[in-house]
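Accompanying notes for the structure given below.
What follows draws every value from the coordinates through simple rules; no lab data is involved. Quantities reported herein were computed from a predicted structural model and do not represent experimental measurements. All Cβ positions, even for glycine, are placed from backbone atoms using ideal geometry, and neighbour counts span all protein chains on display.
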Amino acid sequence: MKNRWIIVTLIITTLISCKQNRFDKIPTPKNSQEVKIVRFENDLFSLDTISIESEYKELSDKHTQFADLFTRGIIRIGKSDSLKFYHYLKMFLTDTMVQNCYRMVSETFPPNADFEKELKSAFARYSYFFPEKVMPKVYTYISGYNLSLAIDDSLVAVGLDRYLGKNTIQYTLLGIPRYIQRKMNPQKVSSDVMRAWLYGVFPFKDSVNNLLSRMIYEGQIMYLTKRMLPNQPDSLIFGYTPQQYKWCQRNEKNIWTYLIENKLLFTTNLLDINKMINDAPFTSGFSRESPGRTAVWIGYRIVEQFMERNQEYTLDDLMKVNDYQYILNKAKYKP
């Protein structure tokens, strides 16, 4: 992830889980490296707008990397040395809608909120399973409802104003679809942050960019996210209601058969791939009771069976495999 930003708007969720995985039996390490969580929005909105220039310079010097990402990539007012930067920053901080947004975030996410405890545990496990990998710093922010997540080389940032709860009226006024709104809940912060970071650490190897490769890669990311947050229901990984998840369980064989009979597994047509991989109110080709991204769920099931049948594989070993046909073959997947 050198010298690049990745802006991610992730799906938001609620799922179900069953038998314990072998990696989940490993307790959260107590002496591992601890992730640092910075509530940047609190520091930002405590600035005195009368002396905005000097106070913001002090704040940006303290958080140089994120401050640059925040102003250039998230609220998009440019660099601090650009013309009218402080004028735009002051407009942002004094905007009535943004101030109301900050008030709701403060009420919904008090100091030491649940997501902070969950992320500390998740990244302790990440450090245990991947000791050679960078431990990121986690920043929180508000963007005026614009952006859920962003990552850079050594940080991952989450817009808490995108997780205020599915009934937040501002989401409706902004025209956010209902199927996305129902996932915009506080409980989803930790799994979305973890997943965003994993996408950056383990990017898709697209030498063979067909549906099978994409769905198994996504399955790897989902599987790993679950292992970092073993106490959370599987639904938090996919963004399904309990009914939608049960639909997937009941129709697992039908989904797999549909992919085979319609010759979709090896398609490289991006339109076809996106229909099965991207978020949507339901999956094209199935009833409206189905959730979106059912091919990703199948990919997750394939990875689960691969790891169950190949007990010698560690999580690190799993993420080194980018021959997705190999994973399918070794999984001996039969829904």
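Based on the Kirkwood radius over alpha-carbon pairs, what value in µm²/s does the Stokes-Einstein equation return for the translational diffusion coefficient of segment 6-201 at 37 °C and 0.692 mPa s? The Stokes-Einstein estimate is 184 µm²/s. Diffusion coefficient of segment 211-331 by Stokes-Einstein, Kirkwood radius over Cα pairs, 37 °C, 0.692 mPa s: 225 µm²/s.
Given only helices, namely DSSP H runs of n ≥ 4 each adding -39500 (n - 2.57), what is the per-residue ellipticity at 222 nm of the chain, to the nearest 500 deg cm²/dmol?
Details: 17 runs with 163 residues, N = 335.
Value at 222 nm, helices only, nearest 500: -14000 deg cm²/dmol.
Scattering from segment 157-243 was approximated by placing one identical point on each alpha carbon and applying the Debye formula without solvent; log10 I(q)/I(0) at 0.15, 0.19 1/Å stands at -0.66, -0.95. For segment 234-302, trypsin sites (Lys or Arg not before Pro) meeting the loop criterion (DSSP other than H, G, I, E, B) and having at most 14 other Cβ atoms within 10 Å: K263, R288.
Projecting the alpha carbon convex hull of segment 127-197 along each direction and taking the average yields 5.1 nm². In loop segments of segment 112-182 as defined by DSSP, the GluC sites (Glu not before Pro) with at most 15 further C-beta atoms inside 10 Å of their C-beta are E132.
The mean of 1/r over all distinct Cα pairs in the chain, once inverted, gives the Kirkwood hydrodynamic radius of 21.0 Å.
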